[in-house]
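Colleague: Supplied in structure tokens, the structure appears directly below.
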Amino acid sequence: MQLVVARIGRAHGIKGEVTVEVRTDEPELRLAPGAVLATEPASTGPLTIETGRVHSGRLLLRFEGVRDRTGAEALRNTLLIAEVDPEETPEDPEEFYDHQLMDLDVVLADGTEIGRISGISHLPSQDLFIVERPDGSEVMIPFVEEIVSEIDLEEQRAVITPPPGLINADEAVVVSSRDETTQDTAQDDTQDDTQGKTRDEN
């Protein structure tokens with residue numbers, strides 16, 4: 001089975017290094033020197049990692065046969081794909097591969113059905129579950145501990161505790177700019193009264 005483990009970013013320096021957007025919880029395993037990775041588009045690969053290092057919090061890779069900035073820039077936006085045993089699971093029990101999460105039922109803590117996971121979007125800041133609802137619509141749910149409270153692979157479900165408005169937009173708490181202005185004015189008036197009292201008391 002194939003898993004996307006990284007996306008190549010911009011070139012770094014003039015010796016063929018590239019930045020990468022890591023999409024695996026095991027970069028030390030999937031993106032280690034010597035690893036041979038398939039690519040999307042396929043015509044770009046396969047690519048063999050020659051060196052890897054962390055610079056300013058970002059992983060830099062250099063591939064065999066890529067020796068200059070021009071070659072590195074040509075790889076930009078290429079997806080790196082690793083071959084993974086479908087029976088393999090991450091060492092950390094709190095981590096999951098995409099294929100483990102796909103098609104899980106998404107429910108609230110009380111059992112209310114929300115939908116099923118039809119896709120997973122890997123963003124730089126967080127991952128998102130793309131959940132298909134029974135009516136065919138989709139909702140995106142951040143895969144963060146505050147919202148996804150449980151992943152139960154045996155029961156094939158993900159339990160969520162969404163904030164108001166995440167699932168149903170009509171439940172969102174909306175504060176109008178007029179309300180904010182009124183609140184700000186009230187706070188200013190209170191501050192003025194307090195300052196006036198202080199001056200009078202002195």
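The values are calculated or read from the model by the stated rules, or taken from the named source; none is laboratory data. Owing to the predicted nature of the structure, the values given are computational and were not obtained by experimental measurement. In this analysis, Cβ positions are derived from the backbone assuming ideal geometry, glycine residues included, and neighbour counts consider all displayed protein chains. In case anyone asks, the SASA skips ligands and DNA or RNA and just uses the protein heavy atoms, side chains included. Shrake-Rupley method; radii C 1.70, N 1.55, O 1.52, S 1.80 Å.
Colleague: How far apart, in nanometres, would the label points at Leu29 and Glu94 be if each is projected 7 angstrom from Cα along the Cα-to-Cβ direction?
Modeller: 1.8 nm
Colleague: OK, next. Take the Cα atoms of the range 31-153, find their three principal axes, and give me the spread along each one in whole Å, biggest first.
Modeller: 56, 31, 30
Colleague: Could I have the simple spin-label model distance between Arg133 and Gln2, label points 7 Å from Cα toward Cβ, reported in nm to one decimal?
Modeller: Between Arg133 and Gln2, the label points sit 3.4 nm apart.
Colleague: Please list Val54, Val106 from largest to smallest accessible area, probe radius 1.4 Å, with all protein chains kept in place.
Modeller: Descending accessible area places them as Val54, Val106.
Colleague: Related question: Answer rounded, prolate or oblate for the range 96-173, using the Cα gyration tensor with square roots of eigenvalues a ≥ b ≥ c: rounded when a/c is under 1.5, else prolate when a/b is larger than b/c, else oblate.
Modeller: Rounded, since a/c falls under 1.5.
Colleague: Right, something else. Determine the share of the range 16-71's accessible area contributed by carbon and sulfur atoms, expressed in whole percent, with a 1.4 angstrom probe.
Modeller: Carbon-and-sulfur percentage of accessible area, whole number: 50.
Colleague: Here is a follow-up. In nm, give the distance between the simple-model label positions of Val36 and Ile14, each being 7 Å from the Cα along the Cα-to-Cβ direction.
Modeller: Those two pseudo-labels are separated by 3.3 nm.
Colleague: Highest first, please rank the peptides 16-23, 58-65 by the mean number of other Cβ atoms sitting within 10 Å of their residues.
Modeller: Sorting 16-23, 58-65 by mean packing, highest first, produces 16-23, 58-65.
Colleague: Enter the accessible area per residue of the range 1-60 (Å², integer; probe 1.4 Å; all protein chains in place).
Modeller: Here the residues of the range 1-60 average 52 Å² of exposed surface.
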